[in-house]
Amino acid sequence: MIETTGLSKRYTVYRKEAGFAGSLRAFFHRQHYDVDAVSDLTIRIGAGEIVGFLGPNGAGKTTTLKMLSGLLHPSSGSVSVAGHTPKERNREFLRSIALVMGQKMQLHWDIPATDSFLVLKTIYDIPDSDYRARLDELVTMLDLGDLVNRPIRRLSLGERMKCELAAALLHRPRILFLDEPTIGLDVTAQAAIRNFIIDYNRRYGATVLITSHYMADVTALARRVLVIDLGRLVFDGDLQALIERHSPDKILRVQFAEEVAPERLARFGTLRQIDGLVAEIAVPRAIVARQAADILASLPVADIAIEEPAVEDVIRTVFRKTGAVGKPT
Amino acid sequence: MTRRRFDPLRPLRLARALVAHSFSEYAAYRMEMVFWVVGGTLPLFMMFLWIELAEQRATGSFSAADFAAYFLLVFLVRHMTPFVPVPELERAIRHGELSAQLLRPLDPYWPMSASQLMDIAHRLPITVPVVIVGMIWSGAWQVIAFEDWPLLVLAVFGAILLHYNLLYCAGLAAFWMERVRGFEGLMWNGYFVLGGGLAPIALFPDLVQQIIVWSPFRYMISFPIEIAIGRVAPADMWFGFALLTFWVAFSIGLMRLLWHRGLRRYAAYGS
Amino acid sequence: MRVLRLLRSFWTNALQVELEFRADLLVNLINAPLMFGAGLAVLAAVFSETSSVGGWSFDEAVAVLGVFLIVDGFVGTILSPNLGRLPEYIRLGNLDYMLLMPVGSHFQVSLRNLNLWEVPNLLLGTALIGYSMLALGRVDPATIALFLLMLAAGLTTAFALWSIIYTSAFWFVRVSNLEVMFRTLVDVGRFPVSALPPWLRLLLTAVLPVAFITNVPAEAVAGRLDWTTGWLALLIAAIALAVSHLFWRRAIASYTSASS
C-alpha cells in the first residue's frame, strides 16, 4: 500500500546573526547550510496495517507524512501510496487518503461540525444515503452524541480532535495519516482516540500511519513501529519486544515529604537523579510495582509515579549507543 | 500594605520608558514604514487630479497652487493617522492579553499612545521631505499662512488626539463585538472622504458642508489644513476651535464610558 | 455541474459563519450609505465649478462612481474574505488541508468564503448605474448587456490582479502594503480617467489596468464605448486570469517543494 525507496528531504536553511550589523551582512551575503530532514527512508507498509512512527521532536516524522500525503516534494527517492505518486496529487489519490494534524484544525471555528461536514460531503461527492449512514456511525464510534451540533469553539480539545477525525473519515479513505493526534489531550481523550482508531481499522481495514512522540500512543496502537531519529530510520519492527529486552527498566518518580539520603534509595533500583525532594529511580519492569509499594511503605512519600522511559531516552540508549539499525529477532 | 510615597516625577519617568520601548519596537519595522508611506499616496494622486482640473478651467475658488498645497498637507496629516488602537485593542481584548495589562498599575491607553507617537514619528522623516519638496517645486509654499503657526500646531495636536481617541473607542467595541475592523473602515470613510481627504470641504454642496462643519470629521483633517492655507476667517476660527474642543472632550468621555462598561463585561465573561 | 454544487456548498457554509457575526450587518448598514453619500459629495465637489470633467458630464461620471462602488462591494464580498486571507491560511495550516482536497486549490482559496454583509455596496453601486442610465436616457437591453459584459470583464481583471498580489504572500510575508497600493489606484479610478494628467492616465491603463475595471463599464453605460476598448477589456481580463492562475500554480509548486 505504501512503498518508499531512498526517500529523502533536504532543506536549505539561512543563518543570520543577531543585531543590525548581522542583518546588514545577511542582506549582502546569506550564509546557508543544508539540513537533511529525512534521509534515505525505505519502508513497505501493507494494506490494513496500523504502523506507529516514533521519534523525538524534529526527527522528521511530520516531514515524512507530508511527503506521503503529497504536501511536500521529496528531494530524492521514490514513493508510492495506493499505487499513486503523492506529489502529483491527482483526484483519485486525494480521495483515498486523509491527513489529520494534531495542532491544526480543518473544521471551522465558529460553526458546528455538521455544517463543515456538509461541505466535505460536496467536495468528496459523498452520496446522500452513504453520508447519513457514515455520519451516524462515526458519531457513535467516537461517542460524540450531540457535540457535532455545537460550535467548535465551545468544545474541549479532546472533543475537537474527535470531530476532526470524523471529518477526515467521512469519505472512507483507504489510508489515514495521523500526525500527533493526541498531543495536548488529557489521558481519557487520548485513550478514547486510540480505541477509536483500533476499532475503525478493524471494521474497515484502513491503513493507519500514526506519528507521535508519546510512546504510549504507539505501543497501544501498533504492533509494528518505525523509529526515526535525525531523519533516519533506525528501527522497523515490534518495538515493545525490543524495549523490554534492551530497556528493561521503568522509571519511578518519587516526591518525598522530607529529605531522604540517596543511599537509602539504592536498594530499590538504580538512582538516576535526585533533585531536592524529587528522585528518579530506574527499576526493572517485572518488579516495579512491588518496589513502588515498598517505597510507599517504608519512606515518607508525598507523590509517586511509574513512568515509561521517554522516547528520547530509549532511542538514545538503544540505538545511538549501538549506532546500528536494530533488526527484529 | 506599605503606602507609596507621592512621586511627582513618576509620570515623566514612565513616559520616557514607554517611549524608549516603543522606539526600539518601531526601529525593527523600518522597512515596513517605507511601504506604509508608499501605500498612503492617495492624497498625492488626488492632488494631480485636482491640479489638472484647475488647469482645465480658467477660474475657480482654488488655483492649482492652492490644490497642491492642500493635498500635500493632506498627505502629511494622513500619515499622522493612528493605526495602532483598533488592531491592538482587538487583540488585547479578544485574545485575553488585556488581563496581563490590567495587572499593571498603568492604563493601557498610555503605552498605546506612546506606541502611536512613535508610529507617527517614524513616518515623518519620509513624509516631511516629500511635502517640502512638493511645496517648493509647485510653488505652493507661497499659499501657506506661516504667521498662524501657533494655531496650526494646536489644531494639529487636536486633530491627532481626536482621531486617536475615536479609534480607541472603536477598538473598545471589541468588548462587545467579535470583529471591530468594520468600525475602522467606517471611520475611514467618514474621516477621510468627508473630512476633506479627497476634495476640499469648501467645494462640497452647501448642505453637506453644514453637516461636516459640525461633525468631528472636519477637525481630523481639514481644519488644520484650512488654517495652514489661510482659509479660516477670524470669526470662524473661534467657532472651529470651540467645536474641536467639544469633540475632543466628547471623545474622552466616550472612551471612559466604554472602558468602564467594557471592563465590567470583561470581568464577568472573560474574553 | 460540480462547480456550481461546490459553490453553493461553500457559500451556504460561509453564510452560516457570517450569521454568527450579526454586528457586522449593523456596521455595514451604516458604512455603505456613508460611502455612497461621501462618494457623491466628492463627485459633486469635482463638478462644483464646472459642468464637464475630462469630457464627462455629471450624470455620466455618476456611472463611474457606481462601478467603483460595485467593485468595492466585490472586494468586500469575495476578494477580501478569500484571497485576502491567504497569509493566514499559510500560517495556520489551512492551506495544507486545502491541498489535500480533491478540488482545485486556486478555486478553493478564491471562492471558499462569501461575506454577505458587504452586499449593500454592490446594491448602491447598481442604483447609481440605474440613475445614470435613466438620466442619460439609455435604458435599453443593448446598453445593459454591454454594461454587464464589460462589468464581468472588469471584475475578472480585478480578481486576477488581487490574486496576483496575494499569491506573492508565498514569498513576501506582508502583502497588505501591496493591497493598499492597489486599492489606492482603484480609489483614483472612481473618477473618469480622462480627467487625470496624461502620465496618470497611462499608469491606470497601460501599467495597471485599473481604468478597465472602473471606467470601461461606465463607458458602456454612457455610450462612449468604442470597439477597440471593448475588445481590449475582454482580452485583458482573459490574459490576467490566465496569468494569475499560472502564477498560483508556480506558487504551489514552490510551497510544496520548499516548505516544512
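Here are some notes:
- Here the stretch B:11-269 is treated with +1 on each Lys and Arg Cβ and -1 on each Asp and Glu Cβ, and its dipole about the Cα centre works out to around 880 debye.
- Each peptide in A:104-111, C:222-229, B:214-221, A:39-46 receives the mean, over its residues, of other Cβ atoms within 10 Å, and ordering these scores from highest gives B:214-221, A:104-111, A:39-46, C:222-229.
- All C-alpha pair distances within the stretch A:47-243, sorted into 10 Å bins from zero, spread as 9, 35, 38, 16, 2 percent across the bins.
- Surface/4 of the Cα convex hull for the stretch C:199-258, nm²: 5.2
- Charging the Cβ of each Asp and Glu at -1 and of each Lys and Arg at +1, and nothing else, the dipole of the stretch B:53-137 about its Cα centre rounds to 40 debye.
- In sequence order, calculated HN-Hα J values of the stretch A:299-305 (Karplus, 6.51, -1.76, 1.60; Hz; x Gly/Pro): 10, x, 9, 8, 7, 9, 9
- Summarising the amide proton neighbourhood of A:Lys250: residues at separation of 5 or more, or on other chains, whose placed amide H is nearer than 5 Å comprise A:Val283, A:Arg285.
- For the stretch A:249-308: relative contact order, % (alpha-carbon pairs under 8 angstrom, 6 or more apart): 50
- All C-alpha to C-alpha distances of the stretch A:249-308, sorted into 5 Å bins beginning at zero, yield P(r) values of 4, 21, 38, 27, 9, 1 percent in whole numbers.
- Hydrodynamic radius by Kirkwood, which averages 1/r over all alpha carbon pairs of the stretch C:65-223, in angstrom: 16.7
- Peptide-level mean, for C:30-43, of C-beta atoms on other protein chains within 10 Å: 6
- Compared with the dominant principal axis of the Cα atoms in chain C, helix C:141-167 is inclined by about 40°.
- Inter-centroid distance (Cα atoms) of the stretch C:1-76 relative to the stretch A:51-104, Å: 44
- Taking the square roots of five times each eigenvalue of the Cα gyration tensor of the stretch A:85-173, the equivalent ellipsoid has semi-axes of 22, 16, 11 Å, listed largest first.
- Amide H contacts of A:Glu49 (H built 1.01 Å from N, in plane; Pro and chain starts excluded): A:Val208 sit under 5 Å, all sequence-distant by 5 or more or on other chains.
- Helix B:109-138 axis, angle to chain B major axis (alpha carbon atoms, nearest 10°): 20
- Once the Cα atoms are used to define both axes, helix A:19-28 deviates from the longest principal axis of chain A by about 40 degrees.
- With all pairs of separate Cα atoms included, the protein assembly as shown yields a Kirkwood hydrodynamic radius of 31.6 Å.
- This model, with +1 at the C-beta of Lys and Arg and -1 at the C-beta of Asp and Glu, gives chain C a dipole about its Cα centre of some 740 debye.
- Among B:Gly196, B:Phe246, B:Phe217 the positive-end extreme of the charge dipole of chain B (Cβ point charges): B:Phe246
- Relative protection proxy for B:239-246, C:104-111, from highest mean packing down: C:104-111, B:239-246 (other beta-carbon atoms within 10 angstrom).
- Cβ neighbours within 10 Å from other chains - mean over B:177-189: 5
- Note that the stretch A:108-120 has calculated 3J(HN,Hα) couplings of 6, 5, 8, 10, x, 4, 4, 5, 5, 4, 4, 5, 4 Hz, one per residue in order, obtained from phi through the Karplus relation 6.51 cos²θ - 1.76 cosθ + 1.60 (θ = phi - 60°); glycine and proline are x.
- Residue ranges C:73-80, A:162-169 sort as A:162-169, C:73-80 when ordered by packing (mean number of other C-beta atoms within 10 Å per residue, highest first).
- Paramagnetic reach from A:Arg223 in the stretch A:30-63 [backbone N under 17 Å; point 7 Å along Cα→Cβ]: A:44-53
- Binned Cα-Cα distance frequencies in chain B - 10 Å width, integer %: 6, 26, 33, 22, 10, 3, 0, 0
- For the stretch B:101-225: span of alpha carbons on each principal axis (Å, largest first): 53, 37, 23
- Taking 7 Å steps out from each Cα toward its Cβ at B:Ala121 and A:Ala261 produces label points 6.5 nm apart.
- Peptide-level mean, for A:68-80, of C-beta atoms on other protein chains within 10 Å: 2
- Under 18 Å, Cα to Cα: Lys pairs in the protein assembly as shown, sequence gap 8 or more or different chains: 9
- This ranking places C:Ile144, C:Ile70 by how few other beta-carbon atoms lie within 10 Å of each, fewest first, which gives C:Ile144, C:Ile70.
Bear in mind these aren't lab numbers, they're just calculated from the coordinates by the rules spelled out. Since the model is a prediction, treat every value here as computed from it, not as a measurement. Heads up, the Cβs are rebuilt from the backbone with ideal geometry, glycines too, and the neighbour counts pull from every protein chain shown.
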